[in-house]
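Peer 1: Pasting in a structure now, in structure tokens, and then I'll have a few things to ask.
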């Protein structure tokens, strides 16, 4: 579906009246209006948590324990989970409060209009890297269970996802709701059975030093935590759902906060448990199948189910569980990735063919990574990516937690519309840039072995210090190009007609446009090519 911005005298296109328009667009570039946010707090949280059914945590946990041993892996997982929880909380809150996604939060949290678009590429990279990782895990399951060649399994695992993603939140919420109980049973049952039948394995696990019998060290701890921190951008996928939270009221306050915390920062609690589960299962099977196979989740769960089921039945259930898990997460990866590419191409190139096209684009990139066998260099890829991702998240969090409420050098609200924002804000964008460059240099050994291992923590430290420093230097003048005509915090449900597309939108999505001399919606403002941004002069 192509969205065209006609002149004010043009009649609305037939597509504007298509009943599927809302479902297909899914408010990928704008404020999610009250009329669309029709789900309960529980339904939104359940959908968001359904997306973390991925098995990459098991692969990461298995890789950590095999490489660094139990003690280093345990503390690395706990340290990374703590950092992710603390940084995810403010982002989840602002998304649920202002009904906007990660891209729009980033714009108003110190990055500016085009600065936020650059981070869309960082976020898009997260979605297709982890889509490829999860697709590889599914292909391993199909190979083990059906004998399907890996290259063909990659195609199958990639091409089955787009049809499920096209209709956005409406379909995803139903799918995650119905599959969640089955997934939870499959997730915990093997660990319970092993605890009953072979409890001594858990004690032996705590003494495991990895294939090289590694002792505890701060270098190993930092390196392991850096790999686990590659998941820090997962909060972006969580808020892709949390933006559909209903407005917080006195009556629903408790349920609202429970849902925001559980589905926002709370995802990492289950994520850490899954990493520890993968670390245990890798140890449990490594003596029988070897190091490389022990980190594959399908092999891990086959061993777990085989403790209480015949081999053939255990294999069948393990493969079905892997496929179910990967479908649940990869619909989220494909959905979130499509939003990121939509944001980037519409803001930078003023081109918006519709979110659906970018679903296929994101899946295609992931397929290329799968065919390149990214699973074989998992630790290196995730370790490098975490440096950039944590610099971005750290700069955003610094603005939300320090600059806005404490220093008051950043506006108290989140402004996301093009007509009110500068192209680049040196506060967040500068902090992220410096933190990324320094930490990547450290990652490649420029500052010695210790900072090589701890480079992601160097990135977040620099971002958290530099963002408030730059905010004090530049002040609020770099956050807004002009004063918003309608305060972003105003949650009015009053609808105003856009003078360009002639559709009606709620107030938070409308901007006064001097070029059109009338009100205009945020998407038409984004796509306008000829105005020369006269509103900012």
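Peer 1: I'm trying to understand the selection: among the residues of the stretch 446-461, which are exposed (fewer than 15 other Cβ atoms within 10 Å of the Cβ) and in a loop (DSSP other than H, G, I, E, B)? Outline the logic, then answer.
Peer 2: Of the stretch 446-461, the ones exposed (fewer than 15 other Cβ atoms within 10 Å of the Cβ) are 446, 448-450.
Those that are exposed (fewer than 15 other Cβ atoms within 10 Å of the Cβ) and in a loop (DSSP other than H, G, I, E, B): 446, 448.
Peer 1: Still on this model: Assess whether residue 457 counts as being over 21 Å from residue 104 (Cα atoms) and in contact (Cβ under 8 Å) with a residue 24 or more places away in the chain. Outline the logic, then answer.
Peer 2: Working: over 21 Å from residue 104 (Cα atoms): yes; in contact (Cβ under 8 Å) with a residue 24 or more places away in the chain: yes.
In short, yes.
Peer 1: Is it the case that residue 374 is within 25 Å of residue 275 (Cα to Cα), more than 19 Å from the chain's Cα centre (by Cα) and surrounded by fewer than 24 Cβ atoms within 10 Å (Cβ to Cβ)?
Peer 2: Numbers: within 25 Å of residue 275 (Cα to Cα): yes; more than 19 Å from the chain's Cα centre (by Cα): yes; surrounded by fewer than 24 Cβ atoms within 10 Å (Cβ to Cβ): yes.
Judged against the criteria, residue 374 is a match.
Peer 1: Determine the pairs where a residue that is on the phi > 0 side of the Ramachandran plot, located within the stretch 330-350, has a partner that is in a helix (DSSP H, G or I) with Cβ atoms under 6 Å apart, the partner being 6 or more residues away or on another chain.
Peer 2: Between residues of the stretch 330-350 that are on the phi > 0 side of the Ramachandran plot and residues that are in a helix (DSSP H, G or I), the close pairs are 350/527.
Peer 1: A follow-up question, please. Is there a residue being modelled with pLDDT of 85 or more and in contact with a helix residue (DSSP H, G or I) (Cβ under 6 Å, 6 or more places away or on another chain) anywhere in the stretch 486-493?
Peer 2: no
Peer 1: Of all the residues that make up the stretch 517-532, how many are in contact (Cβ under 8 Å) with a residue 60 or more places away in the chain, in a loop (DSSP other than H, G, I, E, B) and either in contact with a helix residue (DSSP H, G or I) (Cβ under 6 Å, 6 or more places away or on another chain) or surrounded by fewer than 19 Cβ atoms within 10 Å (Cβ to Cβ) (or both)?
Peer 2: Number satisfying all stated conditions: 1.
Peer 1: Confirm whether residue 397 is outside any loop (DSSP other than H, G, I, E, B), at pLDDT 95 or above and surrounded by 20 or more Cβ atoms within 10 Å (Cβ to Cβ).
Peer 2: Values: outside any loop (DSSP other than H, G, I, E, B): yes; at pLDDT 95 or above: yes; surrounded by 20 or more Cβ atoms within 10 Å (Cβ to Cβ): yes.
In short, yes.
Peer 1: For the subset of the stretch 350-364 comprising residues that are part of a helix (DSSP H, G or I) and at pLDDT below 85, which member is nearest to residue 118 (Cα to Cα)?
Peer 2: The initial filter retains those residues of the stretch 350-364 that are part of a helix (DSSP H, G or I), namely 355-364.
Now restrict to residues that are at pLDDT below 85: 355-357.
Working: 355: 18, 356: 21, 357: 20 Å.
For the stretch 350-364, the residue satisfying everything is 355.
Peer 1: When you scan the stretch 176-190, how many residues do you find that are surrounded by fewer than 16 Cβ atoms within 10 Å (Cβ to Cβ) and either at pLDDT 85 or above or over 20 Å from residue 304 (Cβ atoms) (or both)?
Peer 2: Result for the stretch 176-190: 3.
Peer 1: Yes or no: the stretch 309-323 includes at least one residue that is within 17 Å of residue 153 (Cβ to Cβ), touching a helix residue (DSSP H, G or I) at 6+ places or on another chain (Cβ under 9 Å) and either free of Cβ contacts under 8 Å to residues at least 40 places away in the same chain or surrounded by fewer than 19 Cβ atoms within 10 Å (Cβ to Cβ) (or both). Let's see the steps before the verdict.
Peer 2: Looking only at the stretch 309-323, we keep the residues that are within 17 Å of residue 153 (Cβ to Cβ), and these are 315-316, 318-323.
Next, from what is left, pick out any that are touching a helix residue (DSSP H, G or I) at 6+ places or on another chain (Cβ under 9 Å): 315-316, 318-323.
Next, only the ones that are either free of Cβ contacts under 8 Å to residues at least 40 places away in the same chain or surrounded by fewer than 19 Cβ atoms within 10 Å (Cβ to Cβ) (or both) stay: 316, 320.
Yes, the stretch 309-323 contains at least one residue that is within 17 Å of residue 153 (Cβ to Cβ), touching a helix residue (DSSP H, G or I) at 6+ places or on another chain (Cβ under 9 Å) and either free of Cβ contacts under 8 Å to residues at least 40 places away in the same chain or surrounded by fewer than 19 Cβ atoms within 10 Å (Cβ to Cβ) (or both).
Peer 1: Would you say residue 464 is in contact (Cβ under 8 Å) with a residue 40 or more places away in the chain and either in a helix (DSSP H, G or I) or loosely packed, with under 15 Cβ neighbours inside 10 Å (or both)? Quick ask: steps written out before the conclusion?
Peer 2: Working: in contact (Cβ under 8 Å) with a residue 40 or more places away in the chain: yes; either in a helix (DSSP H, G or I) or loosely packed, with under 15 Cβ neighbours inside 10 Å (or both): yes.
So residue 464 fits the description; yes.
Peer 1: Select from the stretch 202-222 the residues that are closer than 17 Å to residue 278 by Cβ and either in contact with a strand residue (DSSP E or B) (Cβ under 8 Å, 6 or more places away or on another chain) or surrounded by 14 or more Cβ atoms within 10 Å (Cβ to Cβ) (or both) and list them in ascending order.
Peer 2: The first filter runs over the stretch 202-222 and keeps only residues closer than 17 Å to residue 278 by Cβ, leaving 202, 204-206, 208, 210-211.
Across the stretch 202-222, the qualifying residues are 202, 205, 208, 210, 211.
Peer 1: Being touching a residue at least 12 places away in the same chain (Cβ under 8 Å), at negative phi, part of a loop (DSSP other than H, G, I, E, B) and surrounded by fewer than 24 Cβ atoms within 10 Å (Cβ to Cβ), is that true of even one residue in the stretch 286-293?
Peer 2: no
Peer 1: Something else: Within the stretch 427-445, can one find any residue that is within 24 Å of the chain's Cα centre (by Cα), more than 14 Å from residue 397 (Cα to Cα) and part of a loop (DSSP other than H, G, I, E, B)?
Peer 2: no
Peer 1: Could you tell me which numbered condition residue 127 fails, if it satisfies all but one of (1) under 21 Å from residue 243 (Cβ atoms); (2) at pLDDT 90 or above?
Peer 2: In the conditions (1) under 21 Å from residue 243 (Cβ atoms); (2) at pLDDT 90 or above, residue 127 misses (2) alone.
Peer 1: Which number in (1) under 15 Å from residue 415 (Cβ atoms); (2) touching a helix residue (DSSP H, G or I) at 6+ places or on another chain (Cβ under 6 Å); (3) part of a helix (DSSP H, G or I) marks the one condition that residue 477 misses?
Peer 2: Answer for residue 477: the failing condition is (2).
The values are calculated or read from the model by the stated rules, or taken from the named source; none is laboratory data. Keep in mind the model is a prediction, meaning the values are calculated, not measured. Cβ sites come from the backbone with ideal geometry, for glycine too, and all protein chains shown count toward neighbours.
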